[in-house]
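Enquirer: I'd like to ask you about the structure that follows.
The values are calculated or read from the model by the stated rules, or taken from the named source; none is laboratory data. Computed from a predicted model, the values in this text were never measured in an experiment. Cβ sites come from the backbone with ideal geometry, for glycine too, and all protein chains shown count toward neighbours.
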Amino acid sequence: MEEAKTLFKKLKIYSLLDLALIVPVSYNDTTLSETLEVGKVCTVEAKVIDSSVYNGKLRVNFQLTRFGRRLSSTFFRTTPYHYKLFEPGSSHVIQGRLDEYRGYLQMPQPRSVNKVGTVTPKYKTVLKESEIRTLIEAYITEKNLFDEGLDSKEVSVLMHIHFPNALEDVYREGAFKPEFVEALKFIEAYNHLKKLRGKRIDFPAMAALNGSIELFVSKLPFTLTSEQQQVITQIRSDLARKEKAARRMVVGDVGSGKTMVILAAAMTAWPHKSILMAPTSLLALQLYEEANKHLPERVKVALVMQGHDEGDYREADFIIGTHALLYKEDLPKAPLVMVDEQHRFGTKQRQMLEALMDTEEDNRPHYIQFSATPIPRTQAMMESELIDVSLITTTPFEREVETKVIGRPEFPALLEHIREELSQNHQVLIVYPLVEESTEIPYQSLEESRGFWEERFENVYVTHGKDREKEEVLLEFRERGNILLATTVVEVGISLPRLTLIVIVGAERLGLATLHQLRGRVGRNGLQSWCYLFSNKPQNERLQKFCETTNGFDIAKLDLKFRDSGDIIDGTIQSGQKFRWLDMAEDEAVIAYAKSRLRSSMVSQTV
C-alpha cells in the first residue's frame with residue numbers, strides 16, 4: 001500500500017479515475033498476421049534456414065511457414081543470445097516491420113515472440129512499464145470503477161482499453177474508436193467535477209441577511225434587466241442563510257450592470273455592514289459615486305483609499321475601498337464581503353480581507369466576487385462545483401459598436417473619422433502594444449507615436465501601466481481630454497461616457513478576451529461607436545471572427561478555440577490544454593451530463 005502511494009505521488013494523481021485515464025499510448029499485438037502487408041508491423045511464424053555474419057552484423061534467412069515465402073533479417077545490435085536463439089532449423093514467431101527490396105521480403109531487427117495472441121498495452125509515464133502495469137492491474141477493476149459512479153458502458157470502455165482481448169476491440173484506423181473517445185470525455189469531466197466538489201468547504205455565516213431592496217430598486221431611474229434581477233434573487237437567497245456562508249462568483253459581460261447587483265447586495269446586508277474591495281482607486285471612486293447616487297440616504301457610505309478617505313468607515317454601513325482596507329486595524333466586522341475584479345487581486349489579498357472578518361466561533365462572512373472577464377459557459381459549469389456561479393450575459397441597452405480590422409492603407413480615412421468624432425465633443429482612445437521602442441515588435445510604441453498625435457490634435461493625454469499618475473491622468477482625460485494614448489492599462493475600469501472610437505494597434509498580439517474588454521470602453525451610454533483593430537496582417541481569421549461577435553461569453557469560447565494561435569502574448573488564454581479528451585469550447589453537453597450524474601449519485605448516497 002505504501003509503495004502504491006509513492007507511485008501515485010510520482011504520477012501526480014489523486015483519484016482512481018486519474019489512474020484509469022492514464023491510457024496506453026500504443027499496444028503490442030502478437031496476434032498472427034493474416035496477410036503480409038509491406039510497411040506495417042507483422043507477426044509471423046518463421047523457420048531459420050541459415051545465418052551468416054557480415055561486418056559484425058548477423059543475417060538470418062527465414063522460411064515463412066504459413067505463406068511459403070522467404071524473408072531475410074539483419075540484426076544490427078547482436079549479443080551471444082541472438083546466435084544461440086536463431087540456429088538453423090529452429091522455429092519462431094517473429095515480429096517487426098515488413099519491407100521489400102527488389103521483390104525480396106525483409107524484416108530488420110525482428111523480435112522473437114514468446115506469447116502469441118496477446119495484446120499488451122504500452123504506457124508512457126514517469127514510472128517503469130512494470131510499475132504502471134502493476135498499479136493498473138491492482139486498481140482498475142470493474143468493482144472499483146462501478147464504485148466511482150461509472151455506468152456499465154463507461155466501465156466496459158476502460159476495461160477494454162486497459163485489458164484488451166484484440167486490437168480491433170479498441171482501435172479503429174490506428175486511434176481509439178469514436179464511442180471510446182466520447183466515454184473518455186465524460187469520464188474526464190466527471191472525475192474533474194468530483195474532485196472540485198470534494199474541495200469545497202462550507203462554514204456557518206456570521207449573520208443571516210434579509211434587508212429589503214424595494215426602496216433602492218423603486219428609486220432607480222431605469223428597470224433592472226431580467227438577468228440582473230435573477231442574480232440578485234440568487235444572492236438574496238444565499239445571504240438569507242445562517243447555516244452556510246455564501247461563496248458566489250458573479251461574472252458579467254462588459255456593461256452588463258454589475259454595479260447595481262453590488263448595491264442590491266449591500267442593501268440586502270443593511271442594517272448590517274458590508275465591505276467592497278476594488279483593484280484601483282479609480283474603480284473604488286466610481287463605485288463610491290454610484291453608491292451615493294443610488295442608495296437611500298439612510299445607508300452611510302465610506303471610501304477608503306491610500307492617503308484618501310471619504311466619510312467615517314468605522315460608522316459606515318457600506319465601506320468601499322482599495323487594498324488599503326487590508327491595513328485598517330480598526331476595520332469593523334462585516335457579515336458581507338465583496339471583491340470587484342477579483343482576478344486582479346492575489347489569493348493572499350482576498351484571504352486577508354476575509355480573515356479580517358473572522359470570528360472566534362469560526363463563522364465566516366458571506367463572500368461574493370465579481371468579474372468583468374466573461375468565461376466560457378463550460379468553465380462556469382465546472383467552477384460551480386467549487387463556488388456558486390452566476391452569469392450576466394446581457395446588457396441594459398443595446399451597444400452599437402462597429403468593429404473593423406484595418407491596415408496601413410486605411411490610416412488616412414481613420415484620421416478623418418477621428419476628427420469627425422472630436423468635432424461632436426466625443427473622445428478617442430488609441431491603445432499601443434508597448435510603451436517604448438522595441439526591435440521585436442513591428443509597431444510604433446506609445447512614446448514614438450505621441451509626437452504625431454500631439455502635433456495634430458489638442459488635449460492629448462498619455463498613460464501606461466508603470467505611470468504612477470495613471471489614475472489622475474484618466475480622471476483628467478475623462479473631464480477635459482480629446483485623445484488618450486495608452487497601453488492595455490485601460491482594459492478594465494474607468495467609465496468614459498463620451499468615448500466613441502478606439503484603435504487597438506497590433507491587435508493580433510492580444511487575446512480575444514482582452515480585445516473585448518478594450519472594446520467595452522466605448523459605447524457605454526448607447527452612442528454609436530467604433531472599434532478599429534489595426535494590424536499589419538489584416539487577413540487574420542481570429543480577428544475577423546472577433547468582429548462578428550459581440551457577446552463576451554461567445555468570445556471566451558472563441559478564445560478557447562484559437563488558444564494554440566502563435567501570435568498571442570498577453571496570457572489571456574489558458575496556456576496548454578488542461579484536458580486530454582474534453583474540448584472546453586465544444587463539450588458543454590458532456591459537462592452538463594456529468595454534473596447531473598454526479599448530483600444524482602450524491603443524492604442516492606444521502607438517501
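Enquirer: In the stretch 192-201, is there at least one residue being within 25 Å of residue 382 (Cα to Cα), without any contact (Cβ under 8 Å) to a residue 60 or more places away in the chain and assigned to a helix (DSSP H, G or I)?
Expert: The answer is yes, given that some residue of the stretch 192-201 is within 25 Å of residue 382 (Cα to Cα), without any contact (Cβ under 8 Å) to a residue 60 or more places away in the chain and assigned to a helix (DSSP H, G or I).
Enquirer: Quick check, is residue 364 among the basic types (Lys, Arg) and at pLDDT below 90?
Expert: Yes; evaluated as a whole, the condition is true for this residue.
Enquirer: Taking the stretch 369-399 on its own, how many of its residues are charged (D, E, K, R), closer than 24 Å to residue 595 by Cβ and not in a helix (DSSP H, G or I)?
Expert: Of the residues in the stretch 369-399, 2 are charged (D, E, K, R), closer than 24 Å to residue 595 by Cβ and not in a helix (DSSP H, G or I).
Enquirer: Would it be correct to say that residue 591 is buried (at least 18 other Cβ atoms within 10 Å of the Cβ), at pLDDT 85 or above, of a type outside the set (Phe, Trp, Tyr) and not assigned by TED's automatic domain parsing to the domain that holds residue 426?
Expert: Yes; evaluated as a whole, the condition is true for this residue.
Enquirer: If you check 189, 208, which single one turns out to be buried (at least 21 other Cβ atoms within 10 Å of the Cβ) and not assigned by TED's automatic domain parsing to the domain that holds residue 245?
Expert: On the way: 208 fails: buried (at least 21 other Cβ atoms within 10 Å of the Cβ).
Testing whether each residue is buried (at least 21 other Cβ atoms within 10 Å of the Cβ) and not assigned by TED's automatic domain parsing to the domain that holds residue 245 leaves just 189.
Enquirer: Next question, about the same structure. Among the residues of the stretch 234-269, which ones are free of Cβ contacts under 8 Å to residues at least 60 places away in the same chain and of a type in the set (Asp, Glu)?
Expert: 243
Enquirer: Give the residues of the stretch 164-176 that are touching a residue at least 60 places away in the same chain (Cβ under 8 Å) and in a helix (DSSP H, G or I), sorted by residue number.
Expert: Of everything in the stretch 164-176, just one residue is touching a residue at least 60 places away in the same chain (Cβ under 8 Å) and in a helix (DSSP H, G or I), namely 167.
Enquirer: Does the stretch 246-253 include one or more residues that are aliphatic (A, V, I, L, M), farther than 30 Å from residue 12 by Cβ and out of contact with any Pro (no Cβ under 6 Å at 6 or more places or on another chain)?
Expert: Among the residues of the stretch 246-253, at least one is aliphatic (A, V, I, L, M), farther than 30 Å from residue 12 by Cβ and out of contact with any Pro (no Cβ under 6 Å at 6 or more places or on another chain), which makes the answer yes.
Enquirer: Quick test of your reading of the structure: residue 179 fulfils all but one of (1) assigned to a helix (DSSP H, G or I); (2) touching a Ser or Thr at 6+ places or on another chain (Cβ under 9 Å). Name the failing condition by number.
Expert: Tallying (1) assigned to a helix (DSSP H, G or I); (2) touching a Ser or Thr at 6+ places or on another chain (Cβ under 9 Å), residue 179 fails exactly one: (2).
Enquirer: Quick check on the stretch 226-239. Is at least one of its residues part of a loop (DSSP other than H, G, I, E, B), surrounded by 15 or more Cβ atoms within 10 Å (Cβ to Cβ), modelled with pLDDT of 90 or more and not small (Gly, Ala, Ser)?
Expert: Scanning the stretch 226-239 turns up no residue that is part of a loop (DSSP other than H, G, I, E, B), surrounded by 15 or more Cβ atoms within 10 Å (Cβ to Cβ), modelled with pLDDT of 90 or more and not small (Gly, Ala, Ser).
Enquirer: Within the group 343, 323, which residue is modelled with pLDDT under 85 and not charged (D, E, K, R)?
Expert: 343
Enquirer: Working only within the stretch 564-584, note down all residues that are surrounded by fewer than 18 Cβ atoms within 10 Å (Cβ to Cβ) and either in contact with a Cys (Cβ under 6 Å, 6 or more places away or on another chain) or at pLDDT 50 or above (or both).
Expert: 578, 579, 580, 583
Enquirer: Separate question: Please indicate, with yes or no, whether at least one residue in the stretch 202-214 is farther than 30 Å from residue 30 by Cα, in contact with a Ser or Thr (Cβ under 7 Å, 6 or more places away or on another chain), β-branched (Val, Ile, Thr) and outside any loop (DSSP other than H, G, I, E, B).
Expert: No, the stretch 202-214 contains no residue that is farther than 30 Å from residue 30 by Cα, in contact with a Ser or Thr (Cβ under 7 Å, 6 or more places away or on another chain), β-branched (Val, Ile, Thr) and outside any loop (DSSP other than H, G, I, E, B).
Enquirer: Give me the helices (runs of 4 or more DSSP H) completely within the stretch 48-163, filtered to those with at least 1 residues that are touching a helix residue (DSSP H, G or I) at 6+ places or on another chain (Cβ under 9 Å) and closer than 30 Å to residue 11 by Cα, ordered by residue number.
Expert: 129-139, 142-147, 152-162
Enquirer: Sort out which residues of the stretch 37-58 are in contact with an Asp or Glu (Cβ under 9 Å, 6 or more places away or on another chain) and within 19 Å of residue 103 (Cβ to Cβ), and write them in order of number. Talk me through it step by step, then tell me what you get.
Expert: Taking the stretch 37-58 as the starting set, the residues that turn out to be in contact with an Asp or Glu (Cβ under 9 Å, 6 or more places away or on another chain) are 38-39, 41, 43, 48, 51.
Correct list: 38, 39.
Enquirer: Regarding the stretch 480-490, can at least one residue be identified that is at pLDDT 85 or above, part of a helix (DSSP H, G or I) and out of contact with any Leu (no Cβ under 6 Å at 6 or more places or on another chain)?
Expert: Yes, some residue in the stretch 480-490 is at pLDDT 85 or above, part of a helix (DSSP H, G or I) and out of contact with any Leu (no Cβ under 6 Å at 6 or more places or on another chain).
Enquirer: Can you tell which of 447, 402, 421 is closer than 21 Å to residue 498 by Cβ, more than 18 Å from the chain's Cα centre (by Cα), at pLDDT 80 or above and assigned to a helix (DSSP H, G or I)?
Expert: Values: 447 fails: closer than 21 Å to residue 498 by Cβ; 402 fails: assigned to a helix (DSSP H, G or I).
Just one listed residue meets the conditions, 421.
Enquirer: Here's a follow-up. With in contact (Cβ under 8 Å) with a residue 40 or more places away in the chain and closer than 27 Å to residue 178 by Cβ as the only criterion, which of 115, 122, 153 stands out?
Expert: Step by step, each of 115, 122, 153 is checked, and only 122 is in contact (Cβ under 8 Å) with a residue 40 or more places away in the chain and closer than 27 Å to residue 178 by Cβ.
Enquirer: Now a separate question. Do we have any residue at all in the stretch 89-98 that's under 30 Å from residue 140 (Cα atoms) and either acidic (Asp, Glu) or in contact (Cβ under 8 Å) with a residue 12 or more places away in the chain (or both)?
Expert: yes
Enquirer: Another question about this same structure. Please find, within the stretch 516-547, the residue that is surrounded by the fewest Cβ atoms within 10 Å (Cβ to Cβ) out of those that are assigned to a helix (DSSP H, G or I) and without any contact (Cβ under 8 Å) to a residue 40 or more places away in the chain.
Expert: Among those residues, the one meeting the criterion is 541.
Enquirer: Under the condition of being of a type in the set (Ser, Thr, Tyr) and at pLDDT 90 or above, which residue from the stretch 36-60 is nearest to residue 133 (Cα to Cα)?
Expert: Per the stated criteria, the residue is 43.
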